[in-house]
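Nothing in this text is a laboratory measurement; each read-out follows from the coordinates by a stated rule. Quantities reported herein were computed from a predicted structural model and do not represent experimental measurements. A quick note on method: Cβ atoms are made from the backbone with ideal geometry, for glycine too, and the neighbour counts reach across all protein chains shown.
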Amino acid sequence: MKKLLIICLLFPFISGAQNKVKVDPWIPFKSFIGEWTGEGGGEPGKGHYERNYQFIMNGKFIEVRNKSTYPPTASNAKGEVHEDLGYISYDRSLKKFRLRQFHIEGFVNQYLLDSISPDQKYIVFKTESIENIPAGWNAKETYRILSENELEETFELAEPGKEYQVYSKVLLKKK
């Protein structure tokens with residue numbers, strides 16, 4: 001009888017422990033991992049993009065390395081090479097992702113995940129802050145997963161008090 005009583009008392013704890021399934025928060029970003037290359041354009045002109053996404057530090061972060069090369073044009077005789085380094089992290093207290101980008105021009109953009117579509121193929125980050133730019137500016141990064149080997153990225157900027165305008169848009173293909 002004692003054994004039956006102990007089993008009855010412990011059953012709710014045992015069954016509850018068995019039903020807890022740990023969900024991997026990184027699922028929406030796993031398809032990003034790898035080397036990408038692509039073409040795109042916008043304010044700086046038409047350019048070539050190289051991107052690398054990789055898990056670092058025991059899978060706690062995703063490191064994003066970007067290099068965008070814009071050849072010389074009539075309005076920009078020297079052309080332009082832009083580089084930025086970013087980190088995606090998961091903020092467990094907010095249950096949201098953060099993206100921090102460090103740009104060669106000295107800008108530091110700190111984004112918070114704004115939305116992920118139900119099919120996890122449309123991901124939007126909006127800035128919480130931008131360092132080294134006049135107050136009031138905002139930025140938005142939108143990722144659209146077209147297939148396991150194609151990713152579209154749209155970077156938008158909003159001047160103080162104004163709507164977002166597309167600064168650049170790129171179609172990346174996995175190498």
Q. Considering only L171, A77, S93, whose Cα is most displaced toward the positive end of the charge dipole of the chain, charges sitting on Cβ of Lys, Arg (+1) and Asp, Glu (-1)?
A. S93
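Express in nm, to one decimal, how much length is gained between Q120 and I56 on full extension, taking 0.36 nm for each residue of separation and deducting their alpha carbon distance. Display every interim value, and only then the final one.
Numbers: separation 64, 0.36 × 64 = 23.04 nm, distance 2.22 nm.
Length gained between Q120 and I56: 20.8 nm.
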Q | HN-Hα J in Hz across the stretch 86-102 - Karplus 6.51, -1.76, 1.60, θ = phi - 60°, x for Gly and Pro | A | x, 9, 9, 10, 10, 8, 5, 5, 8, 6, 9, 8, 10, 10, 10, 10, 10
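If you put +1 on each Lys and Arg Cβ and -1 on each Asp and Glu Cβ, how big is the dipole of the chain around its Cα centre, in Debye rounded to 20? Mind showing how you got there, number by number?
Numbers: 25 positive and 23 negative charges, 241 e Å.
Here the size comes out at about 1160 debye.
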Q. Of E39, E153, how do they rank once you tally other Cβ atoms within 10 Å and put the fewest first?
A. E39, E153
Q) Taking θ as phi - 60°, what are the ³J(HN,Hα) couplings along the stretch 163-170 by the Karplus curve (6.51, -1.76, 1.60), each to the nearest whole Hz, with x for Gly and Pro? A) 7, 5, 10, 5, 9, 7, 9, 9
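At a threshold of 8 angstrom on Cα-Cα distance, excluding pairs fewer than six apart, so keeping six or more, what relative contact order does the chain reach in percent?
Numbers: 362 pairs, mean separation 27.6, N = 175.
Result for the chain is 16 percent.
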Q. So which of K46/K173; K46/K162; K30/K174; K22/K121 end up more than 19 Å apart, counting from Cα to Cα?
A. K46/K162; K22/K121
